[in-house]
Amino acid sequence: MAVLPNEPDSCEHVHLLYRPRNIRFKCVTLNMGKKQKNAISPTRSEDYPEWYQQVIKAADLAEISPVRGCMVIKPWGWSIWENIQRVLDVKFKETGHENAYFPLFIPLSYMEKEAEHVKGFAKECAVVTHHRLEADPNGGLRPAGKLEEPLIVRPTSETIIGEMYSRWIQSYRDLPILINQWANVVRWELRTRLFLRTTEFLWQEGHTAHATEEEAWEETIQMLHVYGDFAEKYMAMPVIRGEKTATERFPGAVSTFSIEAMMQDRKALQSGTSHFLGQNFSRAQNIRFQDQNGQEVFAWTTSWGISTRLIGALVMTHSDDDGLVLPPRLAPRQVVILPIYRNDDERTSVLEYCDSLMAALAQQTFADGQAVEVKIDDRDMRGGEKNWLHVKRGVPLRIEVGPRDIANDGAFVARRDTGKKQAMDRGELIANVGTILDEMQQGLFDRALAMREENTQVVTSLPELEEYFKSPGGGFAIANFSDQPEVEKILKPLKVTTRCIPVDEELSAADGPCIFTGKATQKRAVFARAY
């Protein structure tokens, strides 16, 4: 009996090689005396960065493009991004925002208006200096037609959007302006990694203008919680919501807030940001209006965003050594049905049963009324290969149907989160598919939260912090903190950064002096190694 190369030697693999499945095999290893293989090599414990790359490859999410630092997002990865967009777009509109689009190119003079902002992005900017190509004497092409003013390829849109807002806003009656755009941006990264850090990536960026400081603050905090709720309820990824320190703040912002998540290697990943810009950008971009008292004043602005980095967060939060594990609420499909048959007669009856089962499952819902997406995979390929393809892609439920299952009016169901496999009555499966998916969604969150809690520690002195981060990953350390410049200098040798000062008072309330400076403080911060 041949075993497919690079596939786990499991019972499920065996019975899918033959059609129909007339008996159930006990789950055993075929290669006697050999350790059972994982679908992904290396494993997380062996080489976490390479494991991450191999999960993306095995799940067919994306690949490196011919353009340096850029990626091609493939259909399965794009479907996940579409689901992220779909959910968040609804949430943005529910909070009063509208979508628009602004230019990819930003005149250099616009960037120069906000000195601190430009300083923060200067090394990452891609610059367009010419507007056409011409033939050179060697038969190639060379740039020609030098631009009068260089154009910056959008690293973020505060300056160009600010210019437009300065034209649109004349009176307090024009406010607030609540706009979001889904777009691509370019930041010339030296070291890239798929989804986490690429030269070009996709994101949404919200930009709002308000008549009062209070309104702008409310907007900033509201969007922080929109992101936090999305991460926890849809991504099943627990996050800490907090304010960035001065050194970690968005260039030009008064305050920056973020959601911080712990990956399985215990490093932090910043997964969304919301910025209170005060009047800094409105002064630089001349966004002024006449208030209700007839006085000319500057607007108060915000910006906020998430990116395709969230797909990397999904990979690193939930996946295992067999590939991607997706929370049902963001999976492109929740169920795949795998028909098993030996001949044409069996094929006809099995596919009829599968069609009927698919139609019934597709009528079911889970979560808050989300439809169950189901597909029958009847491609002409070996059963074990097909099965493990869906394992590696993270499909939540795999349902096998063969003649024996039809005779019993049932199906054989495998869960991606726990690996549990069981025969189920057809009616029972249909009635409970929504509950099973809800359990999976909650279970993934609970598992990620437990992992974070096991790897979070309150430290009360600098030596204790240094000892905590002696291990390669570390985790989250929470310590009394005062936002002073010398703190980052102390942390640098440890390759640790201050992730945020939590907005949750239970996490942030301090009970002693800053462990770095000895100065009195009323706050604690979260420290971690980070992506």
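Sequence gap at least 6, Cα distance under 8 Å: using those rules, report the relative contact order of the chain to the nearest whole percent. Please report the intermediate quantities before stating the final value.
Values: 1080 pairs, mean separation 78.6, N = 531.
Contact order relative to length: 15 percent.
If I fit a long axis through the Cα atoms of helix 75-94 and take the longest principal axis of the Cα atoms of the chain, what angle between them do I get, 0 to 90°, rounded to 10?
Helix 75-94 sits roughly 50 degrees off the main axis of the chain.
Under a plain spin-label model, where a point goes 7 Å from the Cα along Cα-to-Cβ, how far apart in nm are residue 348 and residue 115?
The answer from the label model is 8.3 nm.
Sorting check: for 422-432, 440-450, 332-342, which peptide has the highest mean count of neighbouring beta carbons within 10 Å, and how do the rest follow? Spell out each step's value before the answer.
Values: 422-432: 15.0, 440-450: 18.0, 332-342: 21.8.
The peptides rank, most packed first, as 332-342, 440-450, 422-432.
How much length is gained on full extension from residue 355 to residue 99, taking 0.36 nm per residue of separation minus their Cα-Cα distance?
On the way: separation 256, 0.36 × 256 = 92.16 nm, distance 3.92 nm.
Gain in length upon complete extension: 88.2 nm.
In square nanometres, what is the average projected area of the Cα convex hull of segment 390-510?
11.0
Which FRET efficiency value, to the nearest 0.05, is calculated for residue 367 and residue 504 with the Förster distance at 35 angstrom and r the Cβ-Cβ distance?
Values: r = 25 Å, r/R0 = 0.72.
FRET efficiency, residue 367 to residue 504: 0.90.
Leaving out ligands and nucleic acids, note down the accessible area per residue over segment 48-180 with a 1.4 angstrom probe, in whole Å².
With all protein chains present, segment 48-180 gives 54 Å² per residue.
With the cut-off at 20 Å, report for segment 204-307 the share of all Cα pairs above it, as a whole percent.
Cα-Cα pairs of segment 204-307 separated by over 20 Å account for 42 percent.
Using the heavy atoms of the protein chains and a 1.4 angstrom probe, tell me the accessible area per residue for segment 395-463 in square angstrom.
Roughly 44 Å² per residue, with all protein chains present.
Label residue 82 and residue 173 with points 7 Å out from Cα along Cα→Cβ: what is the distance between them in nm?
Distance between label points: 4.3 nm.
Could you state the angle between the C-alpha long axis of helix 309-318 and the longest principal axis of the C-alpha atoms of the chain, as a value from 0 to 90 degrees rounded to the nearest 10?
Rounded to the nearest ten degrees, it is 40.
Too long at a 19 Å Cα-Cα cut-off: which of 495/519; 37/386; 57/392?
Checking Cα-Cα distances, 495/519 exceed 19 Å.
Viscosity 1.567 mPa s, temperature 4 °C: Stokes-Einstein D of the chain from its Kirkwood Cα radius, in µm² per second? Numbers along the way, then the final one.
Numbers: Rh = 25.9 Å.
Value of D from the Cα-based Kirkwood radius: 50 µm²/s.
List the residues of segment 143-173 whose backbone N lies under 15 Å from a point placed 7 Å from the Cα of residue 130 along the Cα-to-Cβ direction.
Hits in segment 143-173 for residue 130 at 15 Å: 143-148, 150-151.
Return the carbon/sulfur percentage of the accessible area of segment 333-398, one whole number, probe 1.4 Å, all protein chains in place.
40
In degrees, nearest 10, range 0 to 90: what is the angle between the Cα axis of helix 213-233 and the longest Cα principal axis of the chain?
For 213-233 against the chain, the angle is about 10 degrees.
Please give the per residue accessible area of segment 316-390, computed with a probe of 1.4 Å over protein heavy atoms only, in Å².
40
Pairs 113/146; 74/233; 74/492: which exceed 27 Å Cα-Cα?
In this structure, 74/492 lie more than 27 Å apart at Cα.
Using a 1.4 angstrom probe on heavy atoms only, work out the carbon and sulfur share of the accessible area of segment 443-531 in %.
52
Where Rh denotes the Kirkwood radius from the mean inverse Cα pair distance, what is Rg over Rh for segment 58-165? If you can, show how the numbers build up before the last one.
Details: Rg = 18.8 Å, Rh = 17.5 Å.
In segment 58-165, Rg relative to Rh is 1.07.
Hey, with R₀ at 41 Å, roughly what FRET efficiency would residue 68 and residue 462 work out to, going by the Cβ-Cβ distance, to 0.05?
The value I calculate is 0.50.
With r defined as the distance between the Cβ atoms of residue 182 and residue 404 and R0 fixed at 51 Å, what FRET efficiency is calculated, to the nearest 0.05?
E(calc), rounded to 0.05, equals 0.60.
Where the accessible area of segment 213-280 is counted over protein heavy atoms with a 1.4 Å probe, how much of it, in %, is carbon and sulfur?
The value for segment 213-280 is 40 percent carbon and sulfur by accessible area.
Using helices alone, what [θ] at 222 nm do you get for the chain, with -39,500 (n - 2.57) per DSSP H run of 4 or more residues, divided over all residues and rounded to the nearest 500?
Value at 222 nm, helices only, nearest 500: -10000 deg cm²/dmol.
The values are calculated or read from the model by the stated rules, or taken from the named source; none is laboratory data. Computed from a predicted model, the values in this text were never measured in an experiment. Methodologically, a virtual Cβ is constructed for each residue, glycine included, from the backbone with ideal geometry; neighbour enumeration extends over all protein chains shown. Each accessible area value is taken on the protein alone, full model and side chains, heavy atoms only, with ligands, DNA and RNA left out. Shrake-Rupley method; radii C 1.70, N 1.55, O 1.52, S 1.80 Å.
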